[in-house]
Each structure stands twice: as C-alpha cells, then as structure tokens.
Amino acid sequence: MDGETLDFFTRLSSPIVKDDWKKSLNALFVLLRRKFVFDNLAIYLVEGTENTPEVVYARAAGRGRNKEAEASWGEEIANQVISTGKVTESAPIKKRSTDRTAMPYLLGLPIILPERRGALVFVRFGGPKFKPEQMPLATLAATHAANALEQNILRENLTQLEHARHRAQLQDDFIATISHELHTPLGFIKGYTTSLLRSDTTWDSDTQREFLAIIDEESDHLLTLIDHMLDSARLQSGNMSMDFQPVRLDSLLRDMAQRVHGRHEGLKIILNLPPAPPIQADTVRLSQVFDNLFDNAIKYAPGSKITISLQVKEYWRIITFTDLGPGIPPEHIPFLFERFYRVPGQFSKSGTGLGLFICKQIVHAHHGRISVKTAPGKGTAFKIELPVRPDKVE
Amino acid sequence: MATRILVVDDEPRYLRLLEANLLTEKFEVFTAVDGEKALESFAANPVDLVLLDVMLPRMDGFAVCQRIRQFSNVPIIMLTAKGEEQDRVRGLDVGADDYLVKPFSVMELLARVRAVLRRAQVTETEQDRFLHMVICESILPVLKSG
C-alpha cells in the first residue's frame with residue numbers, strides 16, 4: 001500500500017467519531033467517493049426476527065440523484081447479502097439502454113451489528129463494473145459504516161436508559177408526594193373530627209363551627225386531589241374526551257377572575273380582555289386550566305398581582321397569565337409540564353406535580369399550545385394559544 | 001405551675017388542632033413553625049414536653065430532636081406522616097420517647113402525652129430518691145465518725 005492510499009485510509013476512518021451518525025456517514029462517503037465511484041448508496045437493516053429490510057441511510061451522489069428517496073433498486077441484493085452474509089455483486093440484465101438508470105451495477109456488503117443484520121449497497125448506473133481491487137476499500141467503508149451505526153445504537157440505548165431512570169425517579173417522587181398530599185387533609189379531618197368526638201371536654205359553638213369548617217374544606221381539598229389524579233391518569237392514557245362548544249373566552253376569564261377574587265380577598269387581578277367572538281372549546285376543561293394557573297400564581301407568587309390578557313387573532317386566541325413573583329429557575333423550565341415534576345425547594349407548598357401536566361394535556365386536546373416565560377426575581381408568564389376551530393388544526 | 005408543652009409543626013392547622021386540645025387539659029402551650037424556631041423557642045422557654053413534627057422546613061424533626069438531646073432530657077413525642085418502620089426507628093434512635101403517626105386520633109395523642117409525662121415524672125422521682133440516697137450515704141459516715 002502506498003503512502004497516499006494509507007493516508008486516505010486514515011482520513012477515511014476519522015469521520016466515525018462524530019456525535020451525529022448521519023454526519024459521520026455523510027463525511028465518510030464524501031471522502032470515499034474520491035477513490036471509489038458510485039451513483040447512489042443505501043444502508044438496509046433488519047431488526048431482530050423481522051424480514052423486510054428498512055433503509056436507514058441513503059445517499060445519492062451521481063446519476064439518478066433525483067431517485068434518492070427511492071432505494072428500491074437495492075432491496076433485492078440487500079436481502080441476498082443479509083441472508084448469506086457475503087459480499088454480493090450483480091450486473092444488469094439489459095446491457096444496452098438509453099436510460100442508464102435501467103442498467104444498475106450493484107455491490108452489496110454485509111453490515112453486522114448487535115441484534116441487527118444489514119447491507120451496504122452501492123449502485124453504478126450503466127457501469128463500470130466493480131473491480132476486485134476496489135473490494136478492500138468498499139469493505140473498509142462497510143466496517144466504518146457499521147461502527148457509526150453501532151455507536152448510534154449504543155447512544156440511543158443510553159438515552160433510553162436515562163429517560164427510563166428519569167421516569168422512574170419522577171414516579172418514586174410522585175408516590176412520596178402523593179402519599180404526603182393525601183395524608184395531610186386526612187390528618188386534619190381525623191384530628192378535628194376526633195377533637196369534636198372527645199367525651200371528656202366540650203367545645204363552645206364558635207369552636208365547633210371552626211372545626212367543622214376545616215373538616216369541610218379539607219374534604220374538598222381531598223376530593224380535588226383525587227380528581228387531579230384521576231384526570232392525570234385519564235389524560236395520560238388518552239381516555240378523556242373533549243366536549244367542544246362555543247365559548248366566549250373574555251367572559252369565561254372574567255367570571256373566573258371574579259370567583260378567584262371572592263376567595264382571595266386583597267388579591268389584585270388585572271384584566272385585559274377585549275370582547276372576542278366565541279371559539280370551539282370544552283368550557284369545563286379550559287376552566288380547569290385557568291383555575292390551575294390562578295392557583296399556581298397565588299401559591300408561588302404570593303402577594304403579587306396577576307395580569308390576564310387575551311389577544312384576538314383571526315384563527316387563534318392567545319391568553320397570558322402573568323405574575324410578578326420570584327420566577328422559576330431556568331433549569332426547571334424543560335420539565336415544568338412533565339407529569340409528576342415539581343420544582344425542588346418548594347417544601348412547604350402543597351402540590352402533586354400534576355397541575356401543569358393536566359394543563360398541557362387539555363391544551364393539546366384543543367390542538368393548542370402552552371408555554372412559559374420566566375425571569376428569576378421578575379415573575380412568570382404562562383401563554384396559552386388556542387385555535388378558534390380545534391377541528392381545523394392539523 | 002402548669003405543665004408546659006412546645007408544639008412544632010409547619011401546618012397552621014395542625015398547630016391549631018394540637019393547641020386547642022392541649023389547652024383543654026390545662027397545659028401551657030408554645031408553638032413553632034420550623035426547626036430553627038423550635039430550637040429558639042426551646043432555648044427561651046423551658047418546657048416539660050415537646051410534640052415534634054418530622055417534616056419541617058429549614059431543619060427536620062430528626063435534627064431538632066438530636067440537637068435538643070445534646071443538652072436536655074425533655075420528653076419528646078415525634079409526629080410523623082410516614083408510617084414506615086425506618087422512620088419510627090430513626091425517631092426513637094435520635095432520642096424521641098414516643099412517636100405518633102399522622103393521621104392520629106386526638107384521644108390517642110392526649111393519652112400518649114399523659115403517659116410520657118407520667119413516665120418522666122417517675123424518672124424524676126427516682127432520680128430524686130437516688131440523689132437523696134447518695135447524699136445520705138456520703139453524709140452518714142461523717143456523722144458516725146464525728
């Protein structure tokens with residue numbers, strides 16, 4: 001092997017270490033084509049016990065470039081390579097044609113991966129035939145391609161494992177949180193009930209009413225928690241149907257703000273709600289979303305005013321809930337709408353990690369979007385975009 | 001003098017529940033809403049019993065219990081939302097005299113408070129007797145020889 005070839009082989013091996021396997025393969029085949037001519041190439045893989053090979057990578061370099069997407073020209077030889085595990089060549093039956101693409105010269109090389117078999121297939125439309133001295137280079141390319149693919153499989157496995165671990169962690173945290181959350185109202189109900197049941201003491205009527213009011217509120221709280229859990233389970237399994245009816249968002253939001261204000265004296269709510277023609281939505285579910293955003297603002301931005309604005313566009317409505325609270329640290333933003341996720345350090349704040357997940361699922365069921373903008377120390381803004389006709393959105 | 005009890009819980013509704021019931025028993029009640037405030041209150045006001053929640057902001061109940069034990073033998077009853085054995089064992093190991101798992105019946109809570117106070121009293125009386133004996137034994141020979 002001369003120095004130039006050796007150098008070429010070395011350079012051919014370098015792209016494999018790229019993070020993105022497709023980029024690795026692109027670089028590999030661009031380099032390869034300087035010494036090894038081909039029009040198209042495709043990599044086929046068969047997973048486990050399946051029989052039909054799937055094209056995982058295709059590249060068109062020369063003639064027949066427009067046929068890049070269609071890699072059926074190599075399917076037959078790929079099947080052959082995969083079943084025999086041997087380098088296979090095929091020449092066109094028709095040796096003369098005005099259409100070069102009707103005269104494919106094919107070279108198929110086996111690709112061996114853990115739990116997968118495959119083939120790298122090169123095509124030269126109209127020749128020339130693949131020469132024996134070109135085989136080592138083609139084999140090297142196949143080995144490199146296999147390495148890049150294997151790296152990718154390993155990387156994917158790793159990502160999947162990390163996701164699974166993350167989900168398991170969230171699940172564990174959730175069970176701890178939910179058991180604490182369910183115990184708290186039950187503890188009050190049990191405690192105040194047994195206080196009233198004490199036979200060794202008497203309570204004046206004011207205290208009795210006070211205790212009964214607490215029991216009443218805590219039973220409601222318990223009910224809300226259970227409803228949330230059931231909703232979240234239904235939404236997770238996609239079993240919640242939406243009942244779309246014409247809804248006027250401006251009046252719905254105004255009514256809800258009034259109710260929230262009634263429950264929280266001294267809370268400042270600023271409404272910026274221009275009259276808006278009705279949209280198709282599920283009032284009950286949307287109210288749940290807005291309720292949740294009110295609750296969050298009251299809970300996590302205590303003392304702050306809440307601004308609610310509605311923007312009316314031709315096909316969309318944009319609703320924003322803005323508070324001037326402490327904001328959310330940026331590292332938590334990507335997980336905020338995940339099921340069971342809770343921003344750490346909110347020890348004394350009750351919550352299940354289900355609220356925003358439920359919001360997201362309901363907004364998605366309306367074919368809308370929900371997002372958050374926040375700045376530490378400045379506040380948080382939740383934005384909900386809802387289509388006027390959810391049935392018309394792709 | 002009335003028996004004094006420090007109640008530590010971060011939930012105002014638990015504080016109210018415990019305080020209201022303890023007051024009917026003629027106890028004097030102090031309250032604290034987190035671990036640090038509990039230690040501050042304990043340092044400022046000597047009490048005969050501490051009712052201590054485990055899940056507290058700033059410093060949890062186990063840590064508070066450990067700190068109190070460094071300088072005091074005051075009876076401590078831990079209140080825990082977790083019924084797991086390891087939590088109960090840990091509570092007792094860090095020096096709690098008893099524990100109660102939430103949700104609890106107020107009748108049971110008051111019974112445990114009375115029981116722990118009774119035991120503390122017995123121990124105190126025994127200590128007094130022992131001290132008395134020690135003093136007597138050390139004095140008697142002096143008297144005899146004199």
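Residue by residue through region A:243-258, note down the ones that are hydrophobic (A, V, I, L, M, F, W, C) and not in a helix (DSSP H, G or I). Write out each step before concluding.
First pass over region A:243-258, keeping only residues hydrophobic (A, V, I, L, M, F, W, C): A:244, A:247, A:249, A:252-253, A:256-257.
Within region A:243-258, A:Phe244, A:Val247 qualify.
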Residue among A:Pro326, A:Pro344, A:Pro274 that is at pLDDT 85 or above, part of a loop (DSSP other than H, G, I, E, B), surrounded by fewer than 16 Cβ atoms within 10 Å (Cβ to Cβ) and not aliphatic (A, V, I, L, M)
A:Pro274
Per the filter on region A:198-209, residues within 8 Å of chain B (Cβ to nearest Cβ) and either part of a helix (DSSP H, G or I) or touching a residue at least 40 places away in the same chain (Cβ under 8 Å) (or both) are A:Thr207
Cβ contacts < 6 Å: first residue basic (Lys, Arg), restricted to region A:167-183; second residue assigned to a helix (DSSP H, G or I) and modelled with pLDDT of 75 or more, any location; separation 6+ or different chain. Result?
none
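Please work out which residue is farthest from A:Leu186 (Cα to Cα), limiting yourself to region B:82-106 and to residues that are within 14 Å of chain A (Cβ to nearest Cβ) and exposed (fewer than 15 other Cβ atoms within 10 Å of the Cβ).
As a first pass, look at region B:82-106 and keep what is within 14 Å of chain A (Cβ to nearest Cβ): B:82-84, B:86-87, B:100-106.
Cutting the leftovers down to exposed (fewer than 15 other Cβ atoms within 10 Å of the Cβ) gives us B:83-84, B:86.
Values: B:Gly83: 14, B:Glu84: 17, B:Gln86: 22 Å.
Checking each candidate, the answer is B:Gln86.
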Any residue at all in region A:230-242 that is assigned to a strand (DSSP E or B), surrounded by fewer than 13 Cβ atoms within 10 Å (Cβ to Cβ) and more than 14 Å from chain B (Cβ to nearest Cβ)?
no
Wholly within region B:1-78, helices (runs of 4 or more DSSP H) carrying at least 3 residues that are of a type in the set (D, E, K, R)
B:12-24, B:35-44
Would you mind stating whether B:Ile68 is under 24 Å from B:Phe27 (Cβ atoms), at pLDDT 95 or above and either in contact with a helix residue (DSSP H, G or I) (Cβ under 7 Å, 6 or more places away or on another chain) or not β-branched (Val, Ile, Thr) (or both)?
no
Can you confirm whether region A:121-132 contains a residue that is touching a residue at least 60 places away in the same chain (Cβ under 8 Å), out of contact with any Ser or Thr (no Cβ under 8 Å at 6 or more places or on another chain), among the basic types (Lys, Arg) and under 19 Å from A:Asp39 (Cα atoms)?
yes
Of B:Asp10, B:Asp34, which residue is within 13 Å of chain A (Cβ to nearest Cβ), closer than 20 Å to A:Gly187 by Cβ and in contact (Cβ under 8 Å) with a residue 40 or more places away in the chain?
B:Asp10
B:Val113 being among the β-branched types (Val, Ile, Thr) and under 20 Å from B:Glu11 (Cβ atoms)
yes
Hey, B:Ala43 hits all of (1) closer than 29 Å to A:Ile178 by Cβ; (2) away from every other protein chain (no Cβ under 11 Å); (3) over 12 Å from the mean Cα position of the chain (by Cα) but one; which does it fall short on?
(1)
Note on A:Thr184: of the conditions (1) within 11 Å of chain B (Cβ to nearest Cβ); (2) assigned to a helix (DSSP H, G or I); (3) within 17 Å of B:Glu19 (Cβ to Cβ), unmet is (3)
May I ask you to list the residues in region A:268-300 that are among the charged types (D, E, K, R) and either at positive phi or within 24 Å of the chain's Cα centre (by Cα) (or both)?
A:Arg285
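Residues are listed down the side, and each one gets a yes or a no for (1) touching a strand residue (DSSP E or B) at 6+ places or on another chain (Cβ under 8 Å); (2) not hydrophobic (A, V, I, L, M, F, W, C):
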{"position": "A:Leu286", "(1), (2)": "yes, no"}
{"position": "A:Lys299", "(1), (2)": "no, yes"}
{"position": "A:Ile319", "(1), (2)": "yes, no"}
{"position": "A:Leu324", "(1), (2)": "yes, no"}
{"position": "A:Leu336", "(1), (2)": "yes, no"}
{"position": "A:Pro376", "(1), (2)": "no, yes"}
{"position": "A:Pro387", "(1), (2)": "yes, yes"}
Number of the exception - A:Ala176 against (1) away from chain B (no Cβ under 11 Å); (2) closer than 26 Å to B:Ala81 by Cα; (3) loosely packed, with under 13 Cβ neighbours inside 10 Å
(1)
Conditions (1) closer than 23 Å to A:Glu385 by Cα; (2) surrounded by fewer than 18 Cβ atoms within 10 Å (Cβ to Cβ): number failed by A:Arg263
(1)
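The values are calculated or read from the model by the stated rules, or taken from the named source; none is laboratory data. The shown structure was predicted, so the numbers you read here are calculated from the model rather than taken from an experiment. As a convention, Cβ positions derive from the backbone with ideal geometry for all residues, glycine included, and neighbour counts pool all protein chains shown.
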